[in-house]
Amino acid sequence: MFKKILITVCIIAAFSNSAAFAASSASISQADADSKTTTENSAEKQTRSAMVTQIVAASGMDEMLEQLPAMVAMGFDQQPPPPVGQEEFYKFRDTFLQSFDPVKTKPALVRFIEKRYDAQRYAEVVALLDRPLSKKMTALELQAQTPEAFQEMMQFANSMLSQPSPQRLALVERLDRAQQATESMVEVQMMVPSAIMKNMNRIVPADKKMADDEIVQMLAQMREQSLPQVRQFIQLSMVYAYRSVSDDELEEYTQLVESDTGLYLTTLLRDASLNLFDNISTEIASHIGQTVKVNDAL
């Protein structure tokens, strides 16, 4: 990890020096200038790629995307099956899970973060993620993201929420606000039904279509109803994930997240994740719409 940072810094320094030299040298030939520009562009791309790769890995997003299909499968299988044939149900399940394949989701996330590239801010983010406390907390968060950990957490949910001290709960609430965790989860939860409702509304008969304001009102009601439940779930998740750390450590970590760089990183990853899930939701809704069309035709 430290070597990656050194390599990145060296590339930035080399790029900055060559750019300054090219700007100040009046005697340089056009051929040399073209060659130097190519070198600079290549160096910049290498720097951007190295930083983005490190941010995705060090933040835990890389591993989370690997674990996501298993988490989605667990949630999918815990729901009562819809009133369709078993073969059709499992065919849809497979298509649904394919939307979360890391082979597709990882490149999409990387592309989004690359588009936001800011050399100085990304270097600050890399430095923050490289702190021992950041690494420790990221590791704990990843451990809590597995299907097995989720089942254990839900099994002891009531006792866990009754055990934390007022100080610990206050820290968890601060961390939730700084990470925009509740709001982000609600946004993700609303994406799939929103995409499905809007997609289906385009293909149903005219006499069954919903007005746009009806859809907006229904989604707003769903959002309002889900907020308290999601906030409680987020608090439970944080209490579970950080159960082995002291209040002092959690306070220090909360301050890191609340820092300018921490908030920048939160916004970056939040926007990247919401963009990713928006695309996934659209893909799922489109598949459902196509399935309904085929069934109606039959």
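Of all the listed residues (Ile7, Ile11), the sole one being touching a Ser or Thr at 6+ places or on another chain (Cβ under 6 Å), modelled with pLDDT under 85 and in a helix (DSSP H, G or I) is Ile11. For the condition over 30 Å from Val216 (Cα atoms), without any contact (Cβ under 8 Å) to a residue 40 or more places away in the chain and either assigned to a helix (DSSP H, G or I) or not hydroxyl-bearing (Ser, Thr, Tyr) (or both), Gln145 does not qualify. Of the residues that sit in region 83-129 and are of a type in the set (Gly, Ala, Ser) and within 24 Å of Ala285 (Cβ to Cβ), which one is surrounded by the fewest Cβ atoms within 10 Å (Cβ to Cβ)? This residue is Gly85.
Within region 97-118, residues that are over 16 Å from Arg48 (Cα atoms) have Cβ atoms under 6 Å from residues that are not hydrophobic (A, V, I, L, M, F, W, C) in these pairs: Leu97/Pro69; Ser99/Glu283; Phe100/Pro69; Pro102/Glu66, counting only partners at least 6 apart in sequence or on another chain.
Out of all the residues in region 201-215, is one or more buried (at least 16 other Cβ atoms within 10 Å of the Cβ) and either touching a Pro at 6+ places or on another chain (Cβ under 7 Å) or under 23 Å from Arg270 (Cβ atoms) (or both)? Looking for residues that are buried (at least 16 other Cβ atoms within 10 Å of the Cβ) and either touching a Pro at 6+ places or on another chain (Cβ under 7 Å) or under 23 Å from Arg270 (Cβ atoms) (or both), one finds none in region 201-215, hence no. From the list Leu298, Leu263, Leu219, the lone residue that is modelled with pLDDT of 90 or more and of a type in the set (A, V, I, L, M) is Leu263. Restricting attention to region 160-180, does a residue exist that is under 22 Å from Met64 (Cβ atoms), surrounded by fewer than 17 Cβ atoms within 10 Å (Cβ to Cβ), touching a Ser or Thr at 6+ places or on another chain (Cβ under 8 Å) and not aromatic (Phe, Trp, Tyr)? Yes, region 160-180 contains a residue that is under 22 Å from Met64 (Cβ atoms), surrounded by fewer than 17 Cβ atoms within 10 Å (Cβ to Cβ), touching a Ser or Thr at 6+ places or on another chain (Cβ under 8 Å) and not aromatic (Phe, Trp, Tyr).
Condition first: assigned to a helix (DSSP H, G or I) and either touching an Asp or Glu at 6+ places or on another chain (Cβ under 6 Å) or surrounded by fewer than 17 Cβ atoms within 10 Å (Cβ to Cβ) (or both). Now tell me which residues in region 224-247 satisfy that.
Matches in region 224-247: Glu224, Gln225, Ser226, Leu227, Pro228, Gln229, Gln232, Ile234, Ala241, Asp247.
For Ser244, the conditions (1) without any contact (Cβ under 8 Å) to a residue 24 or more places away in the chain; (2) closer than 23 Å to Leu175 by Cα all hold with the exception of (1).
The values are calculated or read from the model by the stated rules, or taken from the named source; none is laboratory data. Quantities reported herein were computed from a predicted structural model and do not represent experimental measurements. Please note: Cβ atoms are built from the backbone with ideal geometry, for glycine as well, and neighbour counts cover all protein chains shown.
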